[in-house]
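The next block holds one structure in the form of structure tokens; read it before the comments.
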């Protein structure tokens, strides 16, 4: 049985324009993109008449935490709820992402490796959710950023062991912390302070790549960002105090920036604990300047929300797309950041509507090429050819 979406104004994930087409899906993949009205369905085919709607690839959120609630202090909630309740909440959050048109998420930190288990449960059909690229516990230093979900590793040999352990457990990528952060610890953490050494970061990137996975590094401070880029880390998360020199290095290396702009604005406005609001207030202005600097340098920028963090429920991609647009990205570039460019950043197929791509699709009202936030309000969401939401 095929799924056919007929006469949709179709954006393929890369082109600057829309094309009216019939999109045919079979065996969980896009089989063909045909001239509008040319496809004649078979009796058993599922047909969605999409004239007047815009068809896009399913969205990709490049930074989420499924174990977190999006409340004022989600790390505290996890500690109080324990492993079993947290696992159930993570599954519910995964389904919420899917219903919002987010068909792939990168989960960059979870207590007890819960996100890896939720990813496996989705793949096996036990629960409904998006494709989950899960890191599980972060490979980071003892006493560093977000210690509640760290696979603590100190020294080159320990870091190599940590990477191997996470990959063995089923991690699709490795997450680390190159600097301190804004939310997570009320005391003992400085936003820009470097954590893992350049030697440890280099060993991590080398071993992860040898094992066939990519590395994303939480990095806010200028030194930590530079260390991570020089070490061969694939994706810089946040990048608040990026310098022109490091931005040029990122562009030359193809290093990706996932800025998560909206979460720091939420924290600065009091969306989390008081200590985080005070730190975030100092971060917001520098953060916007860093993103503009990265764009001018030609750094690939992708969309990620830090969903689950204070004030960032599942899903929250609309706020991030609006923030990227406000930083100077055109609507088409914003959409690419949440589709094809994000897929390329994580080394996965997807983020496109073309033969052979996963049948992860969304239908929306209006024209997201004028207002990219419209893409986060789907009337229909399809994941792996299965219609998971229809308004």
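Taking the conditions exactly as written (surrounded by 24 or more Cβ atoms within 10 Å (Cβ to Cβ) and more than 12 Å from the chain's Cα centre (by Cα)), does residue 299 satisfy them or not?
Details: surrounded by 24 or more Cβ atoms within 10 Å (Cβ to Cβ): yes; more than 12 Å from the chain's Cα centre (by Cα): yes.
In short, yes.
For region 360-370, what are the residues that are under 20 Å from the mean Cα position of the chain (by Cα) and outside any strand (DSSP E or B)?
Residues of region 360-370 under 20 Å from the mean Cα position of the chain (by Cα): 360-362, 368.
Scanning region 360-370 gives 360, 368.
Does region 270-279 hold any residues that are more than 23 Å from the chain's Cα centre (by Cα), assigned to a loop (DSSP other than H, G, I, E, B) and either touching a residue at least 40 places away in the same chain (Cβ under 8 Å) or within 20 Å of residue 62 (Cβ to Cβ) (or both), and which are they?
273
Identify the single condition in (1) within 17 Å of residue 385 (Cα to Cα); (2) surrounded by fewer than 17 Cβ atoms within 10 Å (Cβ to Cβ) that residue 38 does not satisfy, given that it satisfies every other one.
With respect to (1) within 17 Å of residue 385 (Cα to Cα); (2) surrounded by fewer than 17 Cβ atoms within 10 Å (Cβ to Cβ), residue 38 is out only on (1).
Can you tell me which of (1) in a helix (DSSP H, G or I); (2) within 10 Å of residue 103 (Cβ to Cβ) is the one residue 381 doesn't meet?
Going through (1) in a helix (DSSP H, G or I); (2) within 10 Å of residue 103 (Cβ to Cβ) one by one, residue 381 breaks only (1).
Out of 316, 379, 340, which single residue is touching a residue at least 40 places away in the same chain (Cβ under 8 Å) and more than 21 Å from residue 107 (Cα to Cα)?
Details: 316 fails: more than 21 Å from residue 107 (Cα to Cα); 340 fails: more than 21 Å from residue 107 (Cα to Cα).
Matching residue, one of 316, 379, 340: 379.
When you check residue 334 against the structure, is it in contact with a helix residue (DSSP H, G or I) (Cβ under 6 Å, 6 or more places away or on another chain), touching a residue at least 24 places away in the same chain (Cβ under 8 Å) and not in a loop (DSSP other than H, G, I, E, B), yes or no? Give the steps one after another, and end with the answer.
Working: in contact with a helix residue (DSSP H, G or I) (Cβ under 6 Å, 6 or more places away or on another chain): yes; touching a residue at least 24 places away in the same chain (Cβ under 8 Å): yes; not in a loop (DSSP other than H, G, I, E, B): yes.
Taking the combined requirement at face value, the residue satisfies it.
Inspect region 247-265 for any residue being under 27 Å from residue 377 (Cα atoms) and free of Cβ contacts under 8 Å to residues at least 40 places away in the same chain and give the result as yes or no.
From region 247-265, those under 27 Å from residue 377 (Cα atoms) are 256-265; that's our starting set.
Now narrow it down to the ones that are free of Cβ contacts under 8 Å to residues at least 40 places away in the same chain: none.
Checking region 247-265: not a single residue is under 27 Å from residue 377 (Cα atoms) and free of Cβ contacts under 8 Å to residues at least 40 places away in the same chain.
State whether the residues of region 337-344 include one that is touching a strand residue (DSSP E or B) at 6+ places or on another chain (Cβ under 8 Å), within 20 Å of residue 5 (Cα to Cα) and either assigned by TED's automatic domain parsing to the domain that holds residue 212 or part of a loop (DSSP other than H, G, I, E, B) (or both).
Looking only at region 337-344, we keep the residues that are touching a strand residue (DSSP E or B) at 6+ places or on another chain (Cβ under 8 Å), and these are 337-343.
This time we only want the ones that are within 20 Å of residue 5 (Cα to Cα), so: 339.
Add one more test, that the residue is either assigned by TED's automatic domain parsing to the domain that holds residue 212 or part of a loop (DSSP other than H, G, I, E, B) (or both), and what stays is 339.
Yes, that holds for at least one residue.
Can you report the number of residues in region 302-320 which are crowded, with 24+ Cβ neighbours inside 10 Å, out of contact with any strand residue (DSSP E or B) (no Cβ under 9 Å at 6 or more places or on another chain) and not in a loop (DSSP other than H, G, I, E, B)?
Count: 0.
With the requirement that a residue be in a helix (DSSP H, G or I), surrounded by 18 or more Cβ atoms within 10 Å (Cβ to Cβ) and touching a residue at least 40 places away in the same chain (Cβ under 8 Å), what does region 100-129 give you?
If the condition is that a residue be in a helix (DSSP H, G or I), surrounded by 18 or more Cβ atoms within 10 Å (Cβ to Cβ) and touching a residue at least 40 places away in the same chain (Cβ under 8 Å), then 111, 113, 114, 115, 116, 118, 119 are the ones that fit.
Go through (1) at pLDDT 95 or above; (2) touching a helix residue (DSSP H, G or I) at 6+ places or on another chain (Cβ under 8 Å) for residue 192 and report which single condition fails.
(1)
The values are calculated or read from the model by the stated rules, or taken from the named source; none is laboratory data. As the structure is a computational prediction, the values presented were derived from the model and not from experiment. Reconstructed Cβ throughout: ideal geometry from the backbone, glycine too, with neighbour counts over all protein chains shown.
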